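The values are calculated or read from the model by the stated rules, or taken from the named source; none is laboratory data. Because the structure is predicted, anything quoted here is derived from the model rather than measured. Positions of Cβ are generated from backbone atoms using ideal geometry, with glycine treated the same way; all protein chains shown enter the neighbour counts.
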Amino acid sequence: MRGRYGKVQIMIILKEDYFEIINRRYLATDKISKKSRYKIDDYFLLFWFYFVYRNMRHFEENRGEFVSRDIKEKFNSYFGVVFEDISIEFLDCLNKKNKLQFMFDKIGGWWWHFRENNERKDIEIDVVALCDSTKEAGFYECKWKDLNFSQSLKVLQYL
């Protein structure tokens with residue numbers, strides 16, 4: 001994250017996260033990995049970065065109509081991120097009540113990249129649930145939008 005306050009200051013916040021606002025997420029398939037991502041866990045602060053911080057100039061110039069339009073356009077994107085977290089909590093709750101096809105030990109996201117025709121391609125699975133003892137896995141895609149049956153099948157085929 002870069003911005004008005006610079007990368008160094010944000011890195012200090014990450015290192016000294018006393019308020020548990022930022023969390024480091026690892027691949028669900030790795031026990032210890034250098035591949036990790038930082039995520040803002042406080043939804044109010046996440047909203048602030050999504051909409052207020054990026055539009056600060058427009059607030060200062062009293063251009064509320066631009067900010068309102070930007071929020072309407074990007075609101076579903078914000079809720080997509082929140083919905084992934086809620087989906088993980090929901091699956092974890094079902095797992096504790098033994099209401100899934102298998103009991104999992106680990107749950108989280110998975111991401112990777114590869115090169116095809118000299119172009120970087122990123123792939124991501126929103127939620128992966130793993131059971132080490134039985135070697136079972138569940139893969140879940142979280143969508144915060146209305147999809148009909150054929151659109152859902154296209155997402156499934158892509159995965």
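Would you pick out the residues in the stretch 95-117 that are loosely packed, with under 13 Cβ neighbours inside 10 Å and either assigned to a helix (DSSP H, G or I) or polar (S, T, N, Q) (or both)?
Selection gives LYS96, ASN98, GLN101, ASN117.
Do any residues in the stretch 116-139 that are among the aromatic types (Phe, Trp, Tyr) have Cβ atoms under 6 Å from those of residues that are in a strand (DSSP E or B), where the two are at least six apart or on different chains, and which pairs are they?
Within 6 Å, the pairs are PHE139/ILE125; PHE139/VAL128.
Do we find that ILE10 is more than 16 Å from the chain's Cα centre (by Cα), surrounded by 14 or more Cβ atoms within 10 Å (Cβ to Cβ) and modelled with pLDDT under 80 in this structure? Walk me through it before giving the result.
Values: more than 16 Å from the chain's Cα centre (by Cα): yes; surrounded by 14 or more Cβ atoms within 10 Å (Cβ to Cβ): yes; modelled with pLDDT under 80: yes.
So ILE10 fits the description; yes.
Condition (residue is surrounded by 13 or more Cβ atoms within 10 Å (Cβ to Cβ) and within 26 Å of GLU20 (Cα to Cα)) applied to the stretch 58-66: is it met by at least one residue?
no
Out of the residues in the stretch 126-136 that are surrounded by 14 or more Cβ atoms within 10 Å (Cβ to Cβ), over 19 Å from LYS34 (Cβ atoms) and not small (Gly, Ala, Ser), state the one that is nearest to the chain's Cα centre (by Cα).
Filtering the stretch 126-136 for residues surrounded by 14 or more Cβ atoms within 10 Å (Cβ to Cβ) gives 126-131, 136.
From the residues that got through so far, the ones that are over 19 Å from LYS34 (Cβ atoms) too are 126-127, 129-131, 136.
Subsequent filtering for residues that are not small (Gly, Ala, Ser) retains 126-127, 130-131, 136.
Numbers: ASP126: 7, VAL127: 9, LEU130: 18, CYS131: 22, GLU136: 23 Å.
So, considering only residues that are surrounded by 14 or more Cβ atoms within 10 Å (Cβ to Cβ), over 19 Å from LYS34 (Cβ atoms) and not small (Gly, Ala, Ser), the one nearest to the chain's Cα centre (by Cα) is ASP126.
Does the stretch 41-54 contain any residue that is modelled with pLDDT under 85, in a loop (DSSP other than H, G, I, E, B) and surrounded by 11 or more Cβ atoms within 10 Å (Cβ to Cβ)?
Taking the stretch 41-54 first, the residues modelled with pLDDT under 85 are none.
There is no residue in the stretch 41-54 that is modelled with pLDDT under 85, in a loop (DSSP other than H, G, I, E, B) and surrounded by 11 or more Cβ atoms within 10 Å (Cβ to Cβ).
Whether any residue in the stretch 70-84 is in contact with a strand residue (DSSP E or B) (Cβ under 7 Å, 6 or more places away or on another chain), surrounded by 15 or more Cβ atoms within 10 Å (Cβ to Cβ) and not polar (S, T, N, Q) is what I want to check.
Here is the first cut: in the stretch 70-84, the residues in contact with a strand residue (DSSP E or B) (Cβ under 7 Å, 6 or more places away or on another chain) are 84.
Keeping just the survivors that are surrounded by 15 or more Cβ atoms within 10 Å (Cβ to Cβ) gives 84.
Subset that is not polar (S, T, N, Q): 84.
Looking through the stretch 70-84, at least one residue is in contact with a strand residue (DSSP E or B) (Cβ under 7 Å, 6 or more places away or on another chain), surrounded by 15 or more Cβ atoms within 10 Å (Cβ to Cβ) and not polar (S, T, N, Q).
Out of the residues in the stretch 140-154 that are surrounded by 12 or more Cβ atoms within 10 Å (Cβ to Cβ) and hydrophobic (A, V, I, L, M, F, W, C), which is farthest from GLY109 (Cα to Cα)?
TRP144
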